[in-house]
Every structure is written in C-alpha cells, then in structure tokens.
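Participant: The structure is given below, and queries will be raised subsequently.
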Amino acid sequence: MNRHAAITGWGHAVPTTVVGNTFFESQVETTDEWIVERTGIRERRIAEPEETTAGLASAAADAILRRAGVAAASLDLIVIATATPEQTVPQTAAFVADALGVHCGALDLGAGCAGFVYGLVVGASAIAGGTFERVLVVGAETLSRIVDPADRATAILFGDAAAGVLLEASEGPGLLTGDLGVDGSAAGILEVPAGGSRRPASAETVAGREHFVRMQGQEVFRRAVRAVVDSSEIALGRAGVASSDVDWFVPHQANLRIIEAARQRLDIPPERTVVNIERYGNTSAASIPLALSEAAEAGRFADGDTLLLSRFGAGMSWASAVLTWGRPDRKSTRLNSSHR
Ligand code: UT7
C-alpha cells in the first residue's frame, strides 16, 4: 500500500472567558438577534491578557500528543497556522517547541483562515514523501488582539482558540488528496494593512487603526461560498469520491450562512456537517481543527469514514482535503525511528 499520513491525535485549548452577543450591544450598534440571524454565532471565547497564541497552541499540542499516546520527543516537525503570531520574530512555533521541550523543525504558516488545511496538506505530503514520520499541525489564534472593537462587522465575528492534530505515517487510513489555492488579487478584501514591510508600524498607522483587521464582508462572503464549493469538488475529484459518499463535511466556521450555502451546493446533508460556530465564532486557522477535535472527542467519526475539510480566508486563500478517518496499525507501518 501507498505510504501517506493519518490523524492519530487531536485536541484543542480555548480561553475560559466566554463572551455572549449581548456584550456587544453595549459596545457598538448591534443586537443579539442580528448577530444570530446573520452569522449563527451566539458566543465566543476571548483570551485574557496572559493567554497568548503560543500558550493556547502549546496547551492544544499537549492534548493532541496525550490523545495520540506519543511523546513530544518523537516529533519531526511542528507547523503552527496562525494570522495572529506570538511575535513578528521569532515564529510562534519556536515558543511551542520550547514549551514541549523539543528541538525539531518548527515553522509558522500564514494562509489566513485556510492555514490549518494548508498545514495538513503540506505536513501529510512531507510524510508521504518519506521525509518525516510525525508532524504536529495546530491552528492557533488570538484574533481578539487584532479586531477593532469599534467595528461592528468584525468585532462580533471573531474568537480565540487553538486546535490541531498529529499526523503519522500510515499505510491504511489517512489523507487521500488536497487542493490548495490563492487569488492574491483579492488580498485587500480581508487584511491588516500595517505592521509589515509595506507599511511599517508608526504613530500614523496606530492613529489610523491600521493594525486592526479590515474586511469587505459581503465580498468575502460571495467568494467564500464559491471557493469552498470549487475547491471541495477538486479535492473530491482527485480522491475519486462523490460528494454523496462524504460521511462528514467539516467546513470553516466563518458564518453559518456560508456553511449552509456551500453544504447545499455540494449536496451534503446537515446531519453530516460539523458545526460549532454558535459557541466559538470564527476562530480563523483554529476553526476546522476545533470542529474536528470536538466531533472526534464526541465519537462522531467511525473508522473508515470519509471526511471532507474545506476552508477559505485572507489571501484570498482556499484549501480542501479528503481523508479516511482511523488510526493506522503502528506495528504494521514501517516507521523510521527519528527520535530527538
Ligand atoms: O474567515 C473568513 C473571514 N470572514 C468571513 O468569512 C466573513 C464573511 N462575511 C460575513 O460573514 C458577512 O458579510 C457579515 C457577517 C460580516 C456581514 O453580514 P451581511 O449580511 O453580509 O451584512 P452586510 O455587510 O451586507 O451589511 C448589512 C447591514 C449594513 O447596514 P446598512 O449599510 O444596510 O445600513 C451593515 O452596516 O448590516 C450592518 N451591520 C450590522 N448591523 C448590526 C454590519 N454589522 C452589523 C452588526 N450589527 N454587527
């Protein structure tokens, strides 16, 4: 059988502070009713000052490794997908590696909300190619740090969380195919304008609120549905799987209306679609692994189930993956011993 990568562990870590929709009624001109109707969100988790992206990611990593029954020392690579890194330099993954006490490869992946699935496809490819045996992929965000509290269209939307999976070499279940893409000509519809090379931080950028996220919501919405549907169809086509054979659709949790529109176009029934946006809002790179981790923890996936993961985000980037759920038989999989 072909060597590929399977998910052998999953986990998540979320801030303890829960913020309901009514909080925003006192901050901006909005209502609980509007937020629920237009987004499906009822509450989200917001990080306290001492809760950071690397801290949440490290807690999620601990949970993932515990669930997999694997020691951190045997990791070959840590991938942290994030749009809200711990610092600009060094990479968030360096802090996570330090928290885990390891010196393996560690990189950040910036592909907006699509980052986790990008990481999954890249990590799985490195395993399939024989370079690595075990890759930890975590999506981690503290979006509350870059949301403008005065902007009602974004303040109500985003939440904080970290979640991820462990990928291990497999000759049984695992990742079948992926599809990655970007349309950089649409970069401006979802961006943080300042703080980078193009527009370094200055008194002017701070005064202009340019370090906060800016979004053309309707335009993102329109492109999102198309991107999820097209990319899912490409990934399914490559895997030779019909959408009627998808057991579980795990979409990006950005807006319940986007999930519904994409699900209907892909002809996947609601009872086969994993949704938890009502409790977490849009957690960007953490949203798919958070939905996946909760569903796996609840025992919703059976061995052999076909999962479709699909997401879109800043860039505009999109990413889809098709996989067979289940853990490989570690004894029969020819693993190298690349322990550090
Ligand atoms: O992870 C990827 C990142 N982002 C997304 O996926 C977001 C995609 N977009 C969306 O989810 C939706 O576009 C939003 C939830 C952001 C906005 O919903 P919408 O139904 O597209 O609203 P809209 O932008 O068309 O605005 C309709 C009205 C506007 O008022 P006017 O101009 O008609 O008077 C907005 O100013 O709703 C207003 N509005 C609000 N009203 C109450 C916008 N935000 C709010 C709010 N409360 N929080």
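Participant: Kindly establish whether Glu133 is under 21 Å from Ala71 (Cα atoms) and of a type in the set (Asp, Glu).
Facilitator: yes
Participant: Moving on to the next point. Examine the range 211-233 for a residue that is more than 16 Å from the ligand (Cβ to nearest atom) and either of a type in the set (A, V, I, L, M) or modelled with pLDDT under 95 (or both), and state whether such a residue exists.
Facilitator: For the range 211-233, residues more than 16 Å from the ligand (Cβ to nearest atom) and either of a type in the set (A, V, I, L, M) or modelled with pLDDT under 95 (or both): absent.
Participant: Related question: Could you list, in sequence order, all residues of the range 246-302 that are hydroxyl-bearing (Ser, Thr, Tyr) and either surrounded by fewer than 20 Cβ atoms within 10 Å (Cβ to Cβ) or more than 16 Å from the ligand (Cβ to nearest atom) (or both)?
Facilitator: Result: Thr273, Ser293.
Participant: Could you check Pro173 against (1) more than 23 Å from Thr142 (Cβ to Cβ); (2) touching a helix residue (DSSP H, G or I) at 6+ places or on another chain (Cβ under 7 Å) and say which number it fails?
Facilitator: With (1) more than 23 Å from Thr142 (Cβ to Cβ); (2) touching a helix residue (DSSP H, G or I) at 6+ places or on another chain (Cβ under 7 Å) applied to Pro173, the lone miss is (2).
Participant: Sort through Arg300, Arg238, Arg311, Arg265 and tell me the only one that's among the basic types (Lys, Arg), under 28 Å from Glu219 (Cα atoms) and either modelled with pLDDT of 95 or more or assigned to a helix (DSSP H, G or I) (or both).
Facilitator: After ruling out the rest, the residue left standing is Arg265.
Participant: Next question, about the same structure. Quick one: would you say Val225 is open to solvent by less than 20 Å² (accessible area, probe 1.4 Å), free of Cβ contacts under 8 Å to residues at least 60 places away in the same chain, farther than 30 Å from Ser74 by Cβ and β-branched (Val, Ile, Thr)?
Facilitator: Yes.
Participant: Looking only at the range 228-245, which residues are open to solvent by less than 50 Å² (accessible area, probe 1.4 Å) and in contact (Cβ under 8 Å) with a residue 60 or more places away in the chain?
Facilitator: Val228, Ser231, Ser232, Ala235, Leu236, Ala239, Val241, Ser243 - these are the residues of the range 228-245 that are open to solvent by less than 50 Å² (accessible area, probe 1.4 Å) and in contact (Cβ under 8 Å) with a residue 60 or more places away in the chain.
Participant: Let me ask you something else. Suppose the filter is touching a helix residue (DSSP H, G or I) at 6+ places or on another chain (Cβ under 7 Å), open to solvent by 20 Å² or more (accessible area, probe 1.4 Å) and within 13 Å of the ligand (Cβ to nearest atom); does Ala186 pass it?
Facilitator: No; evaluated as a whole, the condition is false for this residue.
Participant: Taking the range 268-296 only, how many residues are part of a loop (DSSP other than H, G, I, E, B) and either of a type in the set (Val, Ile, Thr) or within 21 Å of Ala140 (Cα to Cα) (or both)?
Facilitator: Summing the residues that are part of a loop (DSSP other than H, G, I, E, B) and either of a type in the set (Val, Ile, Thr) or within 21 Å of Ala140 (Cα to Cα) (or both) in the range 268-296 gives 6.
Participant: Still on this structure, I have one more. Taking Ala207, is it over 28 Å from Ala68 (Cα atoms), touching a Leu at 6+ places or on another chain (Cβ under 9 Å), among the aliphatic types (A, V, I, L, M) and more than 16 Å from the ligand (Cβ to nearest atom)?
Facilitator: no
Participant: Next question, about the same structure. Mind counting the residues in the range 215-235 that are outside any helix (DSSP H, G or I) and touching a strand residue (DSSP E or B) at 6+ places or on another chain (Cβ under 6 Å)?
Facilitator: So the count comes out to 1.
Participant: Right, another one. In the set Arg145, Arg134, which member is crowded, with 24+ Cβ neighbours inside 10 Å and in contact (Cβ under 8 Å) with a residue 40 or more places away in the chain?
Facilitator: Arg134
Participant: Could you list all residues from the range 167-202 that are of a type in the set (Asp, Glu) and under 30 Å from Ala72 (Cα atoms)?
Facilitator: Once the filter is applied, which keeps residues that are of a type in the set (Asp, Glu) and under 30 Å from Ala72 (Cα atoms), the range 167-202 yields Glu168, Glu171, Asp179.
Participant: Please identify the pairs in which a residue from the range 207-221 that is touching a residue at least 24 places away in the same chain (Cβ under 8 Å) has its Cβ atom under 7 Å from the Cβ atom of a residue that is part of a strand (DSSP E or B) and within 16 Å of the ligand (Cβ to nearest atom), counting only partners at least 6 apart or on another chain.
Facilitator: Listed by first residue and then by second, the contacts come to Arg214/Glu191; Met215/Leu190; Val220/Leu190.
Participant: On to the next question. Here's a check for you: in the range 158-183, which residue that is open to solvent by 20 Å² or more (accessible area, probe 1.4 Å) and assigned to a loop (DSSP other than H, G, I, E, B) is nearest to Arg3 (Cα to Cα)?
Facilitator: Glu171
The values are calculated or read from the model by the stated rules, or taken from the named source; none is laboratory data. Quick caveat, the model's predicted, so the values are computed rather than measured. FYI the Cβ positions are ideal-geometry reconstructions off the backbone, even for glycines, and counts take in every protein chain you see. In case anyone asks, the SASA skips ligands and DNA or RNA and just uses the protein heavy atoms, side chains included. Shrake-Rupley method; radii C 1.70, N 1.55, O 1.52, S 1.80 Å.
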